[in-house]
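Step one of this worksheet: look at the structure below.
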Amino acid sequence: MLVVATTGLAQTNVPVVQIHADKITAQMPPTFYGLMTEEINYSYEGGLYGELVRNRSFKADAIESPIKPTNYDPAKYYPVEIAVTNAPKFWSAVGRAKISLDTNVVLNAALNVSLKVELAGASKESPAGVANGGYWGIPVQPGTKYNLSFFARGENFNGDLTVSLQSADAKRVYAQAVVSGIRGDWKKFATTLTTGSDFTPSKENRLVISTTRDGTFFHHRGTIWLQEVSLMPPTFKNRPNGDRVDLSQLLDDLHPKFLRFPGGNYVEGDYFNERFNWKQMIGPPEQRPGHRSCWGYWSTDGFGLPDYLGWCQDLGMEPVLAVFAGYTLKHDCIAAGPELEPYVQEAIAEIEYVTGDASTQWGAQRIKDGYPNPFKLRYVEIGNEDFFDRTGSYDGRFAQFYDAIKAKYPQLRLIATTPVKSRTADLLDEHYYRSEPEMEAQAFMYDARDRSNPTKIFVGEWATRVGSPTPDMAGALGDAAWMCCLERNADIVMIHCYAPLFVNVSDVSNAARDARSMQWPSDLVGYDALGSYGSPSYYAQKIFSEHTGDEVLATDAQNLPVYSWIHSGRPRNGVTPPARTNEVKSVFYSATRDTARGKIIVKIVNRSDAPQSVQIQIGGVNSIAGEGLATVLKADNRDATNSLNDPKHIIPVTEEVSGLGANFTRDFAPCSITILELSAK
Ligand code: AHR
């Protein structure tokens, strides 16, 4: 239980931040700010991935029985079971159609179920078919082309189908088209649905596929089977099988330099047959079987390995690839040795998929999947949070991966997920999910780190977890304090990324975990089917990454104000420690230089609820201009936040300011993050 005292300690002297502009402590790493991602909170399906149809392959209810590693062949695909007595989830019958899941008539082995639609009840007055309501709605925008496709076959059916985008109450049809030629064999059908211009965007809509009213003669009876029913809106940069435009744009605005994927827990899965099995997530989407994600819902894997790379390509990010390392969330594990080797080879092949050219097996496959150019890869992470592996097998597992990867790709820098002794990891991934006072209390921790350790740091997951579903201003203040720490210590912290990135806010508190749109509160970016917004933490990160600079300058500080943090710490073995009080600093800072622009960039965070004067002294320069720029993110109180209804309540404002110089005092607003750009000579 953590409690924050409301009053700060008396402050006698003005705090001073000294910047030694002639002392460079680090070159800012080129990929310092990045993104971390996994399928959680409907991040891709119902999120970034453009697909608008929910449960397009009808496997949402698939039963994937756990398989222990001793009985598991990683090269084999283990088909899921389908309870055909269940109603097809997220689909409903239209008119007098009868719909059911069918495992006898299937498109292929990967998608071993189809939607059977019996149309005997259809009439000219009452067409029959199926409807899908998307991920908490289907967004419809004016003047927009939607690509619809599906696989279908029929029996005793010789008519056409009408596909339409319509309001959920069926009163308004926004776009429709007719699809012909459904006969006895499976075939792919595709058409475009184009909306008119005269309506307000909405999400209370559905996609309907039904029999066609065609004049006087009606003969559309019989049965059809459907599979891989897809509706794609225009995607970011028009990439096929690509991403939602507004979310991609929000991320692009953060200027991320790398993408850590695919997890997080998602790389591990609960069981071996639920890990991120990349070989089953490549090729045409209709040949990807999908899998149950560790966050409790089905993933079609339409957003698979090539699609992460497509995202990197869209935003100019470098992949930071996490590979499955023989350990799962439910503690199944394969220790180092011959039985681990197939997984090591799987990782090596995955690296080849990302980086190989046309002469390599997996590089050629990536090219076939739509990405002709090899991706630049510098970092590979072995596993995720392997400190949970109490058997102590990680040291050996890491060594086996390390030796094999370095032998083939000596240039790669390998990241360990917990300290190892067997090899010298290039980087160690550290994760910090904290309350605001905890984050601020540790905002000087890396300044004290041993500089002689050859293993550098990757802060692969961090967040100040205040606010749900997205963080509020208190979260942004903790984050900014922490980012100051990361920047000051960029000689040892090479890269870092916030987590989780995304949350679908449509239904965050549903009692059923798989029905809930959120599995983890406090996420950087929120959205529903129609709209999206960045949290205050998003904007804190945006202004930091827009003002990185290329040299880190030495800093000192005196008289930093503190507040009292009364807390009982985290319970251990069911016992809550006695309450204690810590004095936590309430002003945070970092300084960098943008050499090309001749600017010194000073970041000051005032987490207190009162204004705060800070004296800034800059040595090692001839002069600092009196005028400069200030970018400020602030709020009236620390609970203030952004939301779908008020997406820009807290956003940064940049303005010209005066009164700057080599030694100046400035008042910083309550609950504020300020970035000063000073012109130095
Ligand atoms: O970010 C949410 C989860 O937190 C990640 O999947 C996992 O690595 C960590 O425990």
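The values are calculated or read from the model by the stated rules, or taken from the named source; none is laboratory data. From a predicted model like this one, the values you see are computed outputs, not experimental measurements. FYI the Cβ positions are ideal-geometry reconstructions off the backbone, even for glycines, and counts take in every protein chain you see. To get the accessible areas, we keep the full protein, side chains included, count just its heavy atoms, and leave off ligands, DNA and RNA. Shrake-Rupley method; radii C 1.70, N 1.55, O 1.52, S 1.80 Å.
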Gly47, sole failed condition from (1) at pLDDT below 95; (2) open to solvent by less than 10 Å² (accessible area, probe 1.4 Å):
(1)
Given (1) open to solvent by less than 10 Å² (accessible area, probe 1.4 Å); (2) closer than 30 Å to Asp61 by Cβ, where does Ala481 come up short, assuming only one miss?
(2)
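Go through the stretch 385-398 and give me each residue that's more than 15 Å from the ligand (Cβ to nearest atom) and open to solvent by 10 Å² or more (accessible area, probe 1.4 Å).
Looking only at the stretch 385-398, we keep the residues that are more than 15 Å from the ligand (Cβ to nearest atom), and these are 390-393, 395-398.
Residues satisfying the conditions are Arg390, Thr391, Gly392, Ser393, Asp395, Gly396.
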Test: residue in the stretch 191-200 that is open to solvent by 20 Å² or more (accessible area, probe 1.4 Å), part of a loop (DSSP other than H, G, I, E, B) and in contact with an Asp or Glu (Cβ under 9 Å, 6 or more places away or on another chain):
no
Restricting to the stretch 26-41, name every residue that is open to solvent by 60 Å² or more (accessible area, probe 1.4 Å) and either at pLDDT 95 or above or within 15 Å of the ligand (Cβ to nearest atom) (or both).
Gln27
What do you reckon, is Ala407 within 27 Å of Ser43 (Cβ to Cβ), of a type in the set (Gly, Ala, Ser) and not in a strand (DSSP E or B)?
no
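Which of the following residues is within 29 Å of Ser164 (Cβ to Cβ), of a type in the set (S, T, N, Q), away from the ligand (no atom under 16 Å from the Cβ) and surrounded by fewer than 24 Cβ atoms within 10 Å (Cβ to Cβ): Thr235, Thr211? Working first, answer last.
Working: Thr211 fails: surrounded by fewer than 24 Cβ atoms within 10 Å (Cβ to Cβ).
Being within 29 Å of Ser164 (Cβ to Cβ), of a type in the set (S, T, N, Q), away from the ligand (no atom under 16 Å from the Cβ) and surrounded by fewer than 24 Cβ atoms within 10 Å (Cβ to Cβ) holds for just one of Thr235, Thr211, which is Thr235.
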Residue check, Asp514 against (1) more than 16 Å from the ligand (Cβ to nearest atom); (2) not in a loop (DSSP other than H, G, I, E, B), all met but one. Which one?
(2)
Condition first: basic (Lys, Arg) and over 19 Å from Tyr539 (Cα atoms). Can you find one or more residues in the stretch 594-603 that meet it?
yes
Note down all Cβ pairs under 6 Å where the first residue falls in the stretch 372-390 and is under 9 Å from Pro319 (Cα atoms), the second is of a type in the set (Val, Ile, Thr) and away from the ligand (no atom under 16 Å from the Cβ), and they're at least six residues apart or on different chains.
Phe375/Val354; Leu377/Val354; Leu377/Thr355
Any pair with Cβ under 7 angstrom, 6 or more apart, that starts in the stretch 475-503 at a residue that is closer than 19 Å to Leu428 by Cβ and assigned to a strand (DSSP E or B) and ends at one that is more than 16 Å from the ligand (Cβ to nearest atom) and charged (D, E, K, R)
Met494/Lys456
When the stretch 439-462 is checked residue by residue, the ones that are crowded, with 19+ Cβ neighbours inside 10 Å, more than 16 Å from the ligand (Cβ to nearest atom) and in a helix (DSSP H, G or I) are Glu440, Ala441, Tyr446
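Answer with yes or no whether Ser590 is outside any strand (DSSP E or B) and touching a residue at least 24 places away in the same chain (Cβ under 8 Å). Full working, then the answer.
Values: outside any strand (DSSP E or B): no; touching a residue at least 24 places away in the same chain (Cβ under 8 Å): yes.
No: the conditions fail for Ser590.
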Would the stretch 303-313 turn up any residue that is within 19 Å of Arg378 (Cα to Cα), more than 16 Å from the ligand (Cβ to nearest atom) and open to solvent by 10 Å² or more (accessible area, probe 1.4 Å)?
yes
Using beta carbons and a limit of 9 Å, which pairs, at least six apart or on different chains, have the first residue in the stretch 554-571 and in a loop (DSSP other than H, G, I, E, B) and surrounded by fewer than 20 Cβ atoms within 10 Å (Cβ to Cβ) and the second one at pLDDT 95 or above and basic (Lys, Arg)?
Leu560/Lys585
Checked the stretch 243-265 for anything crowded, with 23+ Cβ neighbours inside 10 Å, within 16 Å of the ligand (Cβ to nearest atom) and more than 12 Å from Gly34 (Cα to Cα); matches are Pro262, Gly263, Gly264
Leading residue by the ranking (farthest from Ala347 (Cα to Cα)) among those in the stretch 415-437 that are away from the ligand (no atom under 16 Å from the Cβ) and not hydrophobic (A, V, I, L, M, F, W, C)
Pro437
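Suppose we filter the stretch 665-681 for residues that are farther than 21 Å from Ala476 by Cβ and surrounded by fewer than 18 Cβ atoms within 10 Å (Cβ to Cβ); how many remain?
Applying the first criterion (farther than 21 Å from Ala476 by Cβ) to the stretch 665-681 yields 665, 678-681.
Add one more test, that the residue is surrounded by fewer than 18 Cβ atoms within 10 Å (Cβ to Cβ), and what stays is 665, 679, 681.
So the count comes out to 3.
With the structure loaded, tell me whether Glu268 is in contact with a Pro (Cβ under 8 Å, 6 or more places away or on another chain), at pLDDT 95 or above, open to solvent by less than 10 Å² (accessible area, probe 1.4 Å) and within 16 Å of the ligand (Cβ to nearest atom) or whether it fails that test. I'd like the intermediate steps shown before the answer.
Numbers: in contact with a Pro (Cβ under 8 Å, 6 or more places away or on another chain): no; at pLDDT 95 or above: yes; open to solvent by less than 10 Å² (accessible area, probe 1.4 Å): yes; within 16 Å of the ligand (Cβ to nearest atom): yes.
Here the answer is no, as Glu268 does not meet what is asked.
Using the structure shown, decide if Leu107 is surrounded by 22 or more Cβ atoms within 10 Å (Cβ to Cβ) and either part of a strand (DSSP E or B) or not polar (S, T, N, Q) (or both).
Working: surrounded by 22 or more Cβ atoms within 10 Å (Cβ to Cβ): no; either part of a strand (DSSP E or B) or not polar (S, T, N, Q) (or both): yes.
No, not satisfied.
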Consider Tyr327 against the criteria (1) in contact with a Cys (Cβ under 8 Å, 6 or more places away or on another chain); (2) more than 20 Å from Ile405 (Cβ to Cβ); (3) not basic (Lys, Arg): it satisfies all of them except one. Which criterion is unmet?
(2)
Limited to the stretch 272-298, what total is found for residues that are open to solvent by 10 Å² or more (accessible area, probe 1.4 Å), touching a Pro at 6+ places or on another chain (Cβ under 8 Å) and within 16 Å of the ligand (Cβ to nearest atom)?
0
Would you please list the contacts, defined by Cβ atoms under 8 Å and residues six or more apart or on different chains, that run from a residue in the stretch 203-226 that is at pLDDT below 80 to a residue that is in a strand (DSSP E or B) and surrounded by fewer than 22 Cβ atoms within 10 Å (Cβ to Cβ)?
Arg213/Thr162
